[in-house]
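**Student:** Pasting a structure below so you can have a look.
The values are calculated or read from the model by the stated rules, or taken from the named source; none is laboratory data. The structure displayed is predicted, hence computed values, not measured ones. A quick note on method: Cβ atoms are made from the backbone with ideal geometry, for glycine too, and the neighbour counts reach across all protein chains shown.
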Amino acid sequence: MRLVQLRTANGPRVAVVESRDQLRLLDFPGGTYELASRAIELGIGLSALIEQHYSHTLVDYKQAIDRRELLPPVTHPDRARCTVTGTGLTHLGSADTRDAMHAAAQAQSENDANVTDSMRMFRMGLEGGKPAAGQVGAQPEWFYKGDGSIVVAPETAISVPAFAEDAGEEPELVGLYLNDANGQPHRIGYAVGNEFSDHITERANYLWLAHSKLRACSYGPELLIGELPQHLEGTSRITREGQTLWEKPFLTGEANMAHSLANLEHHHFKYAQFRAPGDLHVHFFGTATLSFADQIKVQEGDRFEIELPTFGRALRNPVAFESHDNQAEQPSAMAVL
């Protein structure tokens, strides 16, 4: 089952994807967050609750896109209570580009000279990222992206800060989670996402990875509920003036990962601050495919398209560059009390 969240005059509404062309609205007063919260309160599965609220109202999917009614498939009513994070070096092949980027940052050791920290981290995942049931595996690389204010809706422009060195897509699988009243995380479902990073900043020094990740991101438009296939094949592309500038296939799902999803989830939610009741978590699981590795540099108006057929319609976002003259939200100097 796949869901979308639509913008309406009365707030967000949830619709079930009936086909590529048609959506069915739910007879439920609220968005996906409220729907998932209600399912947790009732102690039933999300799919079961959805089936109780089917309506007879159909929506033309293409018209909803054209009217800019698509929202991210799950959002928190309070953006400050949505935490956006991710893990890197999780996919088979993901270390190749990173290793080349960080080759100057050599990790010297007596038995393992000339191996970068990135490659060392990747090997730890290969060796211990898929522990047996009940066991704890190797810790992944982890990063913070921001709160709900950085999330951009599908079909909406991803903004590039004026100070950015680069604007690069990252096609990824996204896990979406809601903590119940006792702080127990519940996985709502999965979406395809564009994690979006500044790879030039990261390449300059791998300790600047944290800076490179503090950018906008997008996920959706559809939320997949239920079992996730082990093997997923998608396509990441960039279009310019209606023509394909760059295109490459990518693989995800546990069969193509060094870590199990359960291991990645454990190492995120083991921290008590991520188990606050009622909080929403958006977690990007990593990628092995980047246009940056092929020396692609995007321009104003270019569009990212990330497609995983299992997740329905592609996630599409144009790129918009901020100018140095248009940063009203950035203080010119530190205010002192």
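**Student:** Restricting to the stretch 214-237, and then to whatever is under 24 Å from Ile44 (Cβ atoms) and touching a helix residue (DSSP H, G or I) at 6+ places or on another chain (Cβ under 9 Å), can you tell me which residue is surrounded by the fewest Cβ atoms within 10 Å (Cβ to Cβ)?
**Tutor:** Gly226
**Student:** Show the residue pairs that are 6+ apart or on different chains and have beta-carbon atoms under 8 Å apart, the first residue being within the stretch 228-239 and over 16 Å from Glu305 (Cα atoms) and touching a residue at least 12 places away in the same chain (Cβ under 8 Å), the second being of a type in the set (Gly, Ala, Ser) and surrounded by fewer than 16 Cβ atoms within 10 Å (Cβ to Cβ).
**Tutor:** Partner pairs satisfying both residue conditions: Gln230/Ala255; His231/Ala255.
**Student:** Output the qualifying pairs, or none if there are none: Cβ atoms under 7 angstrom, residues six or more apart or on different chains, first residue in the stretch 21-35 and free of Cβ contacts under 8 Å to residues at least 24 places away in the same chain and within 25 Å of Ala181 (Cα to Cα), second residue among the hydrophobic types (A, V, I, L, M, F, W, C) and part of a strand (DSSP E or B).
**Tutor:** These pairs meet every condition: Leu35/Val14.
**Student:** Scan the stretch 241-255 for residues that are of a type outside the set (Val, Ile, Thr) and surrounded by 15 or more Cβ atoms within 10 Å (Cβ to Cβ) and jot them down.
**Tutor:** Leu245, Trp246, Lys248, Phe250, Leu251, Gly253, Glu254
**Student:** Of everything in the stretch 197-221, what is touching a residue at least 60 places away in the same chain (Cβ under 8 Å) and not in a helix (DSSP H, G or I)? Give them in sequence order.
**Tutor:** The answer is Asn205, Leu214, Arg215, Ala216, Cys217, Ser218, Tyr219, Gly220, Pro221.
**Student:** Now for a separate question. Would you mind listing the strands (runs of 3 or more DSSP E) fully within the stretch 41-153 where at least 2 residues are under 19 Å from Pro171 (Cα atoms) and either of a type outside the set (S, T, N, Q) or at pLDDT 95 or above (or both)?
**Tutor:** Strands (runs of 3 or more DSSP E) meeting the threshold: 82-88, 141-147.
**Student:** So, in the stretch 11-51, exactly how many residues are more than 25 Å from Leu315 (Cα to Cα) and loosely packed, with under 14 Cβ neighbours inside 10 Å?
**Tutor:** Qualifying residue count for the region: 9.
**Student:** Against the condition of a type in the set (Ser, Thr, Tyr), in contact with a His (Cβ under 8 Å, 6 or more places away or on another chain) and within 22 Å of Arg2 (Cα to Cα), how does Thr235 come out, does it pass?
**Tutor:** Answer is no for this residue.
**Student:** Residues in the stretch 20-27: is at least one within 27 Å of Phe274 (Cβ to Cβ), modelled with pLDDT of 95 or more and among the charged types (D, E, K, R)?
**Tutor:** Scanning the stretch 20-27 turns up no residue that is within 27 Å of Phe274 (Cβ to Cβ), modelled with pLDDT of 95 or more and among the charged types (D, E, K, R).
**Student:** All but one of (1) assigned to a loop (DSSP other than H, G, I, E, B); (2) of a type outside the set (Ser, Thr, Tyr); (3) within 16 Å of the chain's Cα centre (by Cα) hold for Gln299; which doesn't?
**Tutor:** Looking at each condition in turn, Gln299 falls short on (3).
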